[in-house]
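Quick notes on the structure that follows.
The values are calculated or read from the model by the stated rules, or taken from the named source; none is laboratory data. All values derive from a computational prediction rather than experimental measurement. We place every Cβ from the backbone using ideal geometry, glycine too, and count neighbours over all the protein chains shown. All accessible areas refer to the heavy atoms of the entire protein, side chains included, with ligands and DNA or RNA removed. Shrake-Rupley method; radii C 1.70, N 1.55, O 1.52, S 1.80 Å.
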Amino acid sequence: MIVFDGHEYESEADVPDIGSFRCDKLSNGKREYYGLSADVSKLPTKAVYPQYTDLKTGSYAYCVDDGSVFMYEESTDMWHEQ
């Protein structure tokens, strides 16, 4: 059993590919991600990864290479650049 981003997976092959992003903090479904801007398109959404039903509005992703910030909005299931 592997725990990744707050979810349990049977094997490494089942773990979603979210590129360089890693969740630094998880609280009530809100996640704080840090990674590289080249991987923004890999940030999790419910449409791509159905196991992310607990991903909430207010989650954010900080790109350590260029300082850009993205926030997740639940009703649209999208990450928006700030």
List the residues of the range 54-82 whose backbone N lies under 16 Å from a point placed 7 Å from the Cα of Ser37 along the Cα-to-Cβ direction. 61-71, 80-82
The chain: relative contact order from alpha carbon pairs under 8 Å, six or more residues apart, as a whole percent, is 22 percent
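Which percentage, to the nearest 5, of the DSSP beta bridges contained in the chain is antiparallel?
80 percent
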Estimated dipole of the chain in Debye, rounded to 20 [Cβ of Lys and Arg +1, of Asp and Glu -1, Cα centre]: 240 debye
Contour minus Cα-Cα span, Gln51 to Glu8, at 0.36 nm per residue, comes to 14.5 nm
Nearest 0.05, what FRET efficiency do Leu26 and Asp66 give at R0 = 25 Å with Cβ-Cβ as r? 0.55
From the backbone phi of the range 6-23, what are the Karplus-calculated ³J(HN,Hα) couplings (6.51 cos²θ - 1.76 cosθ + 1.60, θ = phi - 60°) in whole Hz, Gly and Pro given as x? x, 10, 9, 10, 5, 8, 4, 5, 8, 5, x, 8, 10, x, 7, 5, 9, 7
Per residue solvent-accessible surface (Å²) - the chain, probe of 1.4 Å: 58 Å²
Would you list, by chain and number, the lysines whose Cα falls below 16 Å from the Cα of Lys46, excluding same-chain residues fewer than 8 positions away? Lys30, Lys56
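Between beta-carbons, use under 14 Å as the cut-off and find the net charge around Ser68, counting Lys and Arg +1, Asp and Glu -1.
Here the count lands on -4.
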Can you list which of the GluC sites (Glu not before Pro) found in the chain are DSSP loop residues with at most 16 other C-beta atoms within 10 Å? Glu10, Glu74
Candidates [x] 35, 27, 21; [y] 37, 32, 21; [z] 31, 31, 20; which is the computed Cα extents along the principal axes in Å? [x]
Using the charge dipole of the range 1-53 (Lys, Arg: +1 at Cβ; Asp, Glu: -1 at Cβ; taken about the Cα centre), state which of Gly29, Tyr52, Gly6 has its Cα farthest towards the positive end. Gly29
